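The values are calculated or read from the model by the stated rules, or taken from the named source; none is laboratory data. This one's a predicted model, so the numbers in the text were calculated from it and none came from an experiment. Backbone-built Cβ (ideal geometry, glycine too); neighbour counts: all protein chains shown.
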Amino acid sequence: MDFQLTEEQLAVQAAAREFAQTELWAGVIERDEHQKFPAEQIKKMGELGFLGMMVSPEYGGGGMDTVSYVLAMEEISKVDASCSVIMSVNNSLVCWGLEKYGTEEQKRKYLPGLTSGEIIGAFALSEPEAGSDATSQRTTAEDKGDYYLLNGTKNWITNGTTASVYLVVAQTNPELKHRGINVLIVEKGMEGFVQGPKENKLGIRGSDTCSLMFNDVKVPKENRIGEDGFGFKFAMQVLAGGRIGIAAQALGIASGSYELALKYSKERKAFGVPISQHQAIQFKLADMATTIDAARLLCLQAAADKDAHRDYAKSGAMAKLFASKTAMDSSVEAVQIHGGYGFVKEYHVERLMRDAKITQIYEGTSEIQKIVISREILK
Ligand code: CAA
Ligand code: FAD
């Protein structure tokens with residue numbers, strides 16, 4: 001088994017690290033404090049190719065593999081998990097879904113803008129009463145011949161106010177249950193489409209999350225992705241890959257916390273020695289390093305499965321389940337290693353701890369990952 005990264009993968013990792021350290025680090029505390037969307041940073045990420053990494057160059061993408069994407073997600077998440085969730089939704093939910101299942105016309109219309117960062121995409125599945133229970137869609141897309149009439153509300157949508165293109169999941173044929181669901185491409189500005197106010201969040205505060213309201217929105221038939229009734233399968237397929245991205249985000253939050261804690265432990269003295277010489281601190285670092293390495297291997301395994309066209313629903317869910325717990329545990333320990341300094345904003349670890357929590361909730365909670373994993377095991 002070869003655990004070596006290729007030269008190209010190492011170059012992507014180095015470029016992402018350089019970008020995160022030089023462009024994201026400086027303003028990250030202020031963006032978090034004021035819930036400021038990282039517009040300039042996202043523009044640069046588009047220019048550098050981080051927003052459409054796996055899309056074919058034919059549509060303006062980088063044509064890279066999922067392993068490279070995981071490496072870049074880790075580096076960016078070490079510094080700013082708000083930027084990485086925007087990146088993750090755009091890459092693995094919107095661009096991947098469009099390229100894999102969109103018509104040639106849809107791809108040519110939307111992908112070049114989405115990959116360059118000129119426009120941002122959003123993915124709208126969750127509703128006020130349909131989160132984990134995603135088949136219970138109440139948003140309706142009534143078939144009116146040459147268009148769908150869209151009505152309903154979506155909740156918690158990442159890039160909700162800043163996106164221009166939304167992949168919206170809605171029920172067309174309730175009697176067919178999940179087999180009656182469709183996914184429609186909705187553009188900002190369509191009549192009857194309104195975005196709610198930004199949520200005031202615990203973490204990933206730079207990213208904008210809001211509700212979406214659809215009131216008799218007429219969506220042309222050609223905006224449907226895939227065959228009639230393919231929408232739920234589309235959402236599940238897209239999320240299987242999306243979970244690898246969020247696993248990598250969690251990995252980055254964990255390794256970012258660990259790197260800060262390791263450095264601090266060598267600088268801070270207590271009882272006449274650097275705290276890294278106290279065994280209690282050494283053991284915390286040892287636990288962090290071990291679980292982070294295990295999380296990284298799970299993320300890379302899932303990415304390698306996807307790249308090799310093997311099934312990746314289980315390995316992606318395992319990576320997300322484990323990496324998100326690692327993010328939570330490592331960031332809490334990083335705060336502990338920093339003592340009182342860990343409790344204030346200047347030292348970054350309190351933000352990483354707040355950002356970690358969402359990785360156990362979105363793109364399927366940890367409980368849902370266990371359902372996905374156990375169903376695969378018991379098949
Ligand atoms: N690929 C293709 N199809 C799949 C699939 C997969 N990986 N997983 C399930 N399906 C299909 C099933 O085959 C089934 O279709 P058929 O009946 O035609 O065979 C259909 O989906 C329904 O599957 P289930 O019967 O298993 O459905 P369920 O009601 O038991 O729920 C679930 C399954 C896994 C719990 C699903 O509802 C789920 O994933 N819930 C979590 C929702 C979620 O992850 N939301 C994330 C929103 S996006 C987001 O969060 C973005 C962000 O924050 C940044
Ligand atoms: P619920 O489904 O109500 O779950 C509540 C609790 O019950 C959880 O602990 C859950 O694990 C547990 N639970 C539910 N069912 C079961 C079960 N069968 N067995 C065991 N436990 C169960 N959604 C989008 O569509 N697009 C986005 O871009 C997006 N971005 C988001 C960004 C943020 C910041 C947040 C907070 C959410 C985002 N979401 C998005 C929504 C997210 O995916 C949902 O919040 C998540 O899937 C959980 O749904 P819920 O909040 O309705 O919780």
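Numbers for the structure displayed
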{"item": "Selection count, segment 111-150, where residues are part of a loop (DSSP other than H, G, I, E, B), under 17 Å from the mean Cα position of the chain (by Cα) and within 20 Å of PHE230 (Cβ to Cβ)", "result": "2"}
{"item": "Residues satisfying the stated conditions in segment 326-379, i.e. part of a helix (DSSP H, G or I), crowded, with 18+ Cβ neighbours inside 10 Å and aromatic (Phe, Trp, Tyr)", "result": "TYR347"}
{"item": "Positions within segment 193-225 being in a loop (DSSP other than H, G, I, E, B) and closer than 18 Å to THR359 by Cα, in sequence order", "result": "GLU199, ASN200, LYS201, LEU202, GLY203, ILE204, ARG205, GLY206, SER207, ASP208"}
{"item": "Long-range neighbours under 8 Å by Cβ, at least six apart or interchain, first residue more than 17 Å from ALA356 (Cα to Cα) within segment 366-378, second at pLDDT 95 or above and within 8 Å of ligand 2 (Cβ to nearest atom)", "result": "ILE368/SER132; VAL372/GLY364"}
{"item": "Matching residues, segment 344-365, being on the phi < 0 side of the Ramachandran plot, away from ligand 1 (no atom under 12 Å from the Cβ) and touching a residue at least 12 places away in the same chain (Cβ under 8 Å)", "result": "LYS345, GLU346, TYR347, VAL349, GLU350, ARG351, LEU352, MET353, ARG354, ASP355, ALA356, LYS357"}
{"item": "Top-ranked residue of segment 140-164 - restricted to ones that are at negative phi and buried (at least 22 other Cβ atoms within 10 Å of the Cβ), ranked as nearest to ligand 1 (Cβ to nearest atom)", "result": "THR158"}
{"item": "Failed item, numbered, when ARG310 is tested on (1) assigned to a helix (DSSP H, G or I); (2) farther than 14 Å from LYS325 by Cα", "result": "(1)"}
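Quick grid of which residues meet (1) among the small types (Gly, Ala, Ser); (2) crowded, with 19+ Cβ neighbours inside 10 Å; (3) within 30 Å of ARG351 (Cα to Cα); (4) within 16 Å of ligand 1 (Cβ to nearest atom):
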| residue | (1), (2), (3), (4) |
| --- | --- |
| GLU127 | no, yes, yes, yes |
| SER136 | yes, no, no, yes |
| THR172 | no, yes, no, yes |
| VAL194 | no, no, no, no |
